[in-house]
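Student: One structure, as structure tokens, below. Some questions next.
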Amino acid sequence: MALAGICRSDYHMVAGELPGYLPMALGHEGIGIVETVGEHVTSCKPGDHVILSWIPACGTCRYCVSGHSNLCNLGAGTLAGPMLDGTFRLHKGDADIGQFCYVGTFTEHIVVPDISVIVIDKEYAFNPAVLVGCGVPTGIGAVIHRAKVVPGSTVMIIGCGGIGSNIVQGAALAGARMIIAVDIHDFKLETAKKLGATHTVNATRQDPVTAAMELTWGIGVDYAFEAIATPATIAQAVNALGKNGTAVIVGLASALENEIPISPLSMVLYQKTLMGTLYGDSQPRNDVPNLLAMYKAGKVKLDELVTRTYKLDQINEAYADLNAGLLIRGVIEF
Ligand SMILES: [Zn+2]
Ligand SMILES: [Zn+2]
């Protein structure tokens with residue numbers, strides 16, 4: 001492994017907010033070099049630079065063949081512990097150690113399924129290319145593939161960290177005319193401006209829904225993306241919508257949260273849509289190389305997204321910084 005990204009989703013396991021096998025090697029955003037391959041592996045060879053996908057794509061289930069490999073049926077076992085063949089590859093003494101999403105990128109060396117590996121061109125620096133494993137396709141994909149934002153739209157993004165900042169640049173790519181970035185940390189809002197935000201709202205000083213209404217002359221926004229995944233902020237996204245608007249839940253919520261306080265009446269009277277998205281409905285095997293090529297072409301920004309690098313033994317500090325709101329993205333450097 002060369003680098004691994006610090007994403008909030010792993011912390012759900014630490015906090016007991018996601019059910020899963022324990023002990024588990026966490027981490028799902030990562031980049032590295034193939035050292036050796038099993039006898040039937042054809043997708044990569046020793047020496048290849050690879051980004052890991054946190055959903056394996058079998059290529060044959062109905063979701064894979066219908067253009068939604070992010071929903072591959074093999075994704076169902078990502079928190080179960082063992083690898084796809086039912087065996088464990090990590091052990092400590094007699095104890096088997098699971099691998100988060102079949103990868104577990106917070107490890108110096110990993111054994112992964114070949115269908116979790118995406119070979120990339122060697123011209124890309126590991127930092128920042130590592131971010132194209134999770135944050136970038138999830139954020140940009142939520143805009144382009146899931147919501148299908150059209151040019152001229154008005155868009156609000158609630159939460160401008162590792163996912164939300166990529167939603168901001170996705171909205172800019174889609175040609176949105178108004179991109180309202182919401183966060184409680186001013187430095188994240190400053191980064192959002194560099195990525196294309198036209199307006200910023202610090203939610204500690206201004207209510208996001210009121211701001212959305214004021215900025216759109218009382219109409220509400222066409223699209224609202226929620227990248228924090230708390231019931232209160234999801235409700236804000238829905239309430240910020242205008243007629244025929246679409247709200248998208250992008251952040252991974254705690255399994256302990258199961259109610260969103262929204263008005264069913266407004267859903268009908270305003271003909272609103274509330275949708276979720278996994279991995280931004282991206283197809284990693286296509287989108288990962290494509291997003292890197294877009295970075296090379298100057299269409300996608302990556303360098304602005306890495307706030308800080310850490311060593312593996314600083315991982316608790318990295319998560320403390322993430323939870324304190326100090327990071328757009330932190331990365332572990334092996
Ligand atoms: Zn992630
Ligand atoms: Zn599949």
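The values are calculated or read from the model by the stated rules, or taken from the named source; none is laboratory data. No experiment lies behind these values; they were computed from the predicted model shown. Don't worry about glycine lacking a Cβ; one is built from the backbone with ideal geometry, like all the others, and counts go over all protein chains shown. Side chains are part of the model used for accessible areas, which takes the heavy atoms of the whole protein and leaves out ligands, DNA and RNA. Shrake-Rupley method; radii C 1.70, N 1.55, O 1.52, S 1.80 Å.
Student: Just to be sure I understand: of the beta bridges DSSP finds with both ends in region 14-140, what percent are antiparallel, rounded to 5? Show your work: numbers first, answer last.
Tutor: Values: 10 of 12 bridges.
Just about 85 percent of them are antiparallel.
Student: Continuing with this model, one more query. Pulled fully out, how much extra length does the chain show between Ser43 and Arg177, if you take 0.36 nm times their separation in residues and subtract their Cα-Cα distance?
Tutor: 44.1 nm
Student: Please work out how much length the chain gains when fully extended from Asp303 to Ser254, using 0.36 nm per residue of separation minus the C-alpha to C-alpha distance, in nm with one decimal.
Tutor: 14.7 nm
Student: Describe numerically, in nm with one decimal, the distance between label points set 7 Å from Cα along Cα→Cβ at Ala125 and at Met275.
Tutor: 3.6
Student: Using alpha carbon centroids, what distance separates region 173-204 and region 107-127, in Å?
Tutor: About 31 Å separates the Cα centre of region 173-204 from the one of region 107-127.
Student: Based on the Cβ-Cβ distance of Leu265 and Thr210, what FRET efficiency does E = 1/(1 + (r/R0)^6) give at R0 = 30 Å, to the nearest 0.05?
Tutor: 0.90
Student: Is region 65-116 rounded, prolate or oblate when judged by the Cα gyration tensor, a ≥ b ≥ c being the square roots of its eigenvalues, rounded requiring a/c under 1.5 and prolate requiring a/b larger than b/c?
Tutor: The shape class here is prolate.
Student: Among rounded, prolate and oblate, which fits region 119-257 when a ≥ b ≥ c are the square roots of the eigenvalues of its C-alpha gyration tensor, a/c under 1.5 means rounded, and a/b larger than b/c means prolate?
Tutor: Verdict is prolate for region 119-257.
Student: Tell me what the chain gives for mean residue ellipticity at 222 nm when only DSSP H runs of n ≥ 4 count, each as -39,500 (n - 2.57), the sum divided by the residue total, rounded to 500 deg cm²/dmol.
Tutor: Rounded to the nearest 500, the figure is -7000 deg cm²/dmol.
Student: Taking the solvent-accessible surface of protein heavy atoms with a 1.4 Å probe, what is the per residue accessible area of the chain in Å²? Could you put the intermediate results ahead of the total?
Tutor: On the way: 14550 Å² over 334 residues.
Accessible surface, normalised per residue, equals 44 Å².
Student: What's the FRET efficiency of Asn290 with Val14 using the Cβ-Cβ distance as r and R₀ = 35 Å, to the nearest 0.05?
Tutor: Efficiency, from the Cβ-Cβ distance: 0.60.
Student: How would you classify region 231-321 from its alpha-carbon gyration tensor, with a ≥ b ≥ c the square roots of the eigenvalues: rounded for a/c under 1.5, else prolate if a/b is greater than b/c, otherwise oblate?
Tutor: Working: a/c = 2.66, a/b = 1.52, b/c = 1.75.
The shape class here is oblate.
Student: Here is a follow-up. log10 I(q)/I(0), Debye, Cα-only the chain, no solvent, q = 0.07, 0.09, 0.11 Å⁻¹?
Tutor: The Cα Debye sum returns log10 ratios of -0.27, -0.45, -0.68.
Student: Take every DSSP beta bridge whose two residues both sit in the chain, then give the antiparallel share in percent to the nearest 5.
Tutor: Beta bridges within the chain, antiparallel portion: roughly 35 percent.
Student: Give me the one-decimal nm value for the distance between modelled label points at Phe88 and Phe187, 7 Å along each residue's Cα-to-Cβ direction.
Tutor: Placing both labels 7 Å beyond Cα along the Cβ direction yields 3.8 nm.
Student: Here's a follow-up. What does the convex hull of the Cα atoms come to per residue for region 1-82, in Å³?
Tutor: Taking only Cα atoms, region 1-82 has a hull volume of 125 Å³ per residue.
Student: If I model a spin label at Asn323 and Trp217 as a point 7 Å from the Cα along the Cα→Cβ vector, what separation in nanometres do I get?
Tutor: 4.6
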